[in-house]
1. In the stretch A:105-117, is there at least one residue being at pLDDT 95 or above, outside any helix (DSSP H, G or I), open to solvent by less than 50 Å² (accessible area, probe 1.4 Å) and of a type outside the set (Asp, Glu)?
2. Filter the stretch A:122-157 for residues that are hydroxyl-bearing (Ser, Thr, Tyr) and surrounded by fewer than 16 Cβ atoms within 10 Å (Cβ to Cβ); which is nearest to A:Ala101 (Cα to Cα)?
3. Could you grab me the full set of residues in the stretch B:16-34 that are modelled with pLDDT of 90 or more, open to solvent by 60 Å² or more (accessible area, probe 1.4 Å) and farther than 21 Å from B:Val219 by Cβ?
4. Among A:Ser236, A:Ser243, which is in a helix (DSSP H, G or I), more than 14 Å from chain B (Cβ to nearest Cβ), under 18 Å from A:Phe121 (Cβ atoms) and open to solvent by 50 Å² or more (accessible area, probe 1.4 Å)?
5. Name every residue in the stretch B:51-65 that is away from every other protein chain (no Cβ under 13 Å), within 20 Å of A:Val202 (Cα to Cα) and open to solvent by less than 50 Å² (accessible area, probe 1.4 Å), in order of residue number.
6. Looking at this structure, is A:Val255 aliphatic (A, V, I, L, M), more than 19 Å from A:Trp290 (Cα to Cα), within 16 Å of the chain's Cα centre (by Cα) and not in a helix (DSSP H, G or I)?
7. Which numbered condition in (1) at the interface with another protein chain (Cβ under 7 Å from one of its Cβ atoms); (2) outside any loop (DSSP other than H, G, I, E, B); (3) acidic (Asp, Glu) is the only one that B:Glu153 fails?
8. Can we say B:Ala129 is away from chain A (no Cβ under 11 Å), surrounded by 21 or more Cβ atoms within 10 Å (Cβ to Cβ) and in contact with a Lys or Arg (Cβ under 9 Å, 6 or more places away or on another chain)?
Amino acid sequence: MIGDRRRLDWTLLVLFAGVPGAALALDEPYLLDLFARVLIFAIAAVSLDLILGYGGLVSFGHAAFLGIGGYAVGMLYQHDLGSGFLQFPVAVLVSGVAALAIGWVSLRTGGLYFIMITLAFAQMLYYLGISLKVYGGDDGMRARRSEFFAPIDLNDQTQFYYLALAVLALSLWLGRRLVNSRFGLALQGARSNERRLRVLGVPVFRYRLTAFVIAGALCGLAGALFANLNEYASPSTMHWTRSGELIVMVILGGVGTLTGPVLGALAFVLLESYLSEALEALASGFGQHWQVVFGPLLVAVALFARGGLVGLLRPGRGE
Amino acid sequence: MSGAGLALVDLSKHFGGVIATDRLTWQIAAGELHALIGPNGAGKTTLLSQLSGELSPDAGRILFDGRDITALSADRRTLLGIGRSFQGTSLFAEFSVLDNVRLAVQARAGHSFRFWRAARQDAALNQAAFAQLREAGLDHRAQATAGSLSHGEQRQLDLAMALVGRPRLLLLDEPMAGLGAEESLAMVARLKALKGRHSIVLVEHDMTAVFELADRITVLVYGRAIATGTPADIRANAEVRAAYLGEAPPAGERHAGA
């Protein structure tokens, strides 16, 4: 089963690697942008799956870290610090520290309260972003692509795309190692039966907090890439609907599988783009209501593919 | 390995107006199997939870091996050598039987902040887990899902997990409940084998088992110990017979009837 997942990971990564070539052949440079977006959301969704899928902690504020990573890039750029060697580590570090603080408080609660408190923290950061007039208020701020050394140039769309792909590959690899390690077993044990795990001698809080920080830091890295993709960092990235979208990607693809969230991000971003385009063609102005069609699709997956898209790819073996 | 002693001093626990533990002072000698009996609602499970650290008492102290552990969390107490099995079992139901015991083994090995190596290919972990399963007679079920085991097997697994790391004090909450006649005999035999190797607090409603296994028995009624003594003392105690009338027949009569 683990072997199957690894094979699916590789298949997906190889397919993603072929996108720049396909975009060139089809003369559709837009595809490269679209798929870079897929990869970045895939990284964020994989990071969320670590705590939601394996930890059983439904964080409804994960987009906060996407925003923090983006703001790290944007704010440093505003102060003429455009080096990626500075921006990326700072994005990861600040997101990790924010996750430590948010997790420290949130993880003392459970269930519905955890959902509400993570949501509240993310909304607080969203409004903080809006109130920061120096950094563009609710418009956000411009941020050029991060600078790396000579041969690497993120202004080159293809290079940027492969950087995002490398980060996703690394996330999947590290995530896979993590969930199969002793740490991962303890994290899943806490999801399954917290009380028993505690009585077996495991201080559950510390394990959950560590997972929360790892997930936050990784999502911050995705945020840094997202700001690079858009050449923009804005508070809207942290809005609670974005956190909801990340949850949808994880569940749509298959919760607690790591591969599933990648599929979920792919499906979500492509549907968002092509559904709205198709609906716009059908009736002008209808494109923005793409979720009218997306909603029922989601319901169908929830009803008929309990293991998510990953379950569909391997019938009878989902979950 | 013959266990460690336990002493409670004036332990009290209230839930609103309900007194679950009433200024309980109580001692268990090292290596003793001490049964805790009493009618439903007497506060037996609440007491076990205070001993394991899942509930904290309102007042009083708990001494384990001479050390005050009243303020220690459940996980710290486990690492000091207190193991607990649960009423109605408490497993990681969707995990394999082996993974259940693996978790217990890695928990007792100190911390689990190991992010890199695959836990399931960890030879030390696997060997220790398998040894525990073999002792519980569950090694042939290692790969089965814990939730799919029979009730008796789940009981044995629950106990096996509590036994990891050879706790000096074992807290057993109704290990016989819901077992068939044959499974009950197997459990009694298993507990007999454990006797003397650990100090054991046994909460149990099966009086035949209690009188067969216990060195001493304490009768708990409304959070108070109304009697403590050897099985013979308890059987002869008039107050105990009175407290049990209408609840469970005193052991002597049950023996006579069965």
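The values are calculated or read from the model by the stated rules, or taken from the named source; none is laboratory data. On a predicted model such as this, the values are computed, not experimentally measured, just so you know. All Cβ positions, even for glycine, are placed from backbone atoms using ideal geometry, and neighbour counts span all protein chains on display. Please note that ligands, DNA and RNA were not included when accessible areas were found on the heavy atoms of the full protein model with its side chains. Shrake-Rupley method; radii C 1.70, N 1.55, O 1.52, S 1.80 Å.
1. The answer is yes; a qualifying residue exists.
2. Per the stated criteria, the residue is A:Tyr127.
3. B:Ala30 - this is the single residue of the stretch B:16-34 that is modelled with pLDDT of 90 or more, open to solvent by 60 Å² or more (accessible area, probe 1.4 Å) and farther than 21 Å from B:Val219 by Cβ.
4. The unique qualifying residue is A:Ser236.
5. B:Phe64
6. Yes; evaluated as a whole, the condition is true for this residue.
7. Condition (1) is where B:Glu153 drops out.
8. yes
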